[in-house]
């Protein structure tokens, strides 16, 4: 399978590229600057803006699926639109190119998972520090859900750089969920698995240890 990865220079994105390559997939990455992607050996690197539909069309050529691990910008006072704009362009480009499968990393605390991040996160971090970023993530999820694509939205708990445990817990029933952690490496493995399985198709599982 040939996969386009957005956000490949981030901590989780790099691991997704590595895991996908190890599993035999062909990987294309779209980055703002090739200078930021010297340590993605084996991937085909395309330079451009993920909010540009024309650039996305070029990157999608020959692809079978897309993984988006783009991170939202953080601002205390101003509206954040990176994910909103990039996802709008991506959905349009995928529709035009006929690429159906989209696996997108969101976060615990978005949509119906709001209020399940734990006391400190729910009462302090999300409403005060991450308010605009999470609204951007919410708009991203809404655009994906409204599309006709074959999508999976992955909502990890707090990301850590711990070694992979090799297992994770994916849930959509959030009763009793009040925060939690997950290693980036375990998120990457789960995300790559969703490229070839329909287990979580058109669902938004929360991913935790």
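Laboratory data are not the source of any read-out in this text; all were calculated from the coordinates shown. If you're wondering where the values come from, they're calculated on a predicted model, not measured in any experiment. Cβ coordinates were reconstructed from backbone atoms using ideal geometry, including for glycine residues, and neighbour counts include every protein chain displayed.
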*Quickly rank 185-193, 56-64 as a protection proxy: mean count of other C-beta atoms within 10 Å, highest first.*
185-193, 56-64
*Have a look at the DSSP beta bridges in region 1-97 and tell me what percent are antiparallel, nearest 5.*
0 percent
*If you line up the long axis of helix 11-22 against the longest principal axis of the chain, both from Cα atoms, how many degrees apart are they, to the nearest 10?*
50 degrees
*On a 0 to 90° scale, report how tilted helix 82-97 is relative to the longest principal axis of the chain, with both axes built from alpha carbons and the result rounded to the nearest 10.*
40 degrees
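If we sort 9-16, 166-173 on the protection proxy, mean other Cβ atoms within 10 Å, highest first, what's the order? Walk me through the numbers on the way to the answer.
On the way: 9-16: 21.9, 166-173: 12.6.
Going by the mean number of other Cβ atoms within 10 Å, highest first, we get 9-16, 166-173.
Counting DSSP beta bridges with both partners in the chain, what percentage is antiparallel, nearest 5? Could you put the intermediate results ahead of the total?
Numbers: 3 of 30 bridges.
Beta bridges within the chain, antiparallel portion: roughly 10 percent.
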*Relative contact order for region 2-208: what is it in percent, counting Cα pairs under 8 Å that are at least 6 residues apart?*
21 percent
*For helix 131-146, report the angle its Cα long axis makes with the longest principal axis of the Cα atoms of the chain; keep it between 0 and 90° and round to the nearest 10°.*
60 degrees
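Could you sort the peptides 175-181, 89-95 by per-residue average Cβ neighbour count (10 Å cutoff), highest mean leading? Numbers along the way, then the final one.
Details: 175-181: 12.9, 89-95: 20.9.
With the highest mean Cβ count within 10 Å placed first, the list reads 89-95, 175-181.
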*Expressed as a whole number of Å, what is the distance separating the alpha-carbon centroids of region 134-184 and region 65-132?*
10 Å
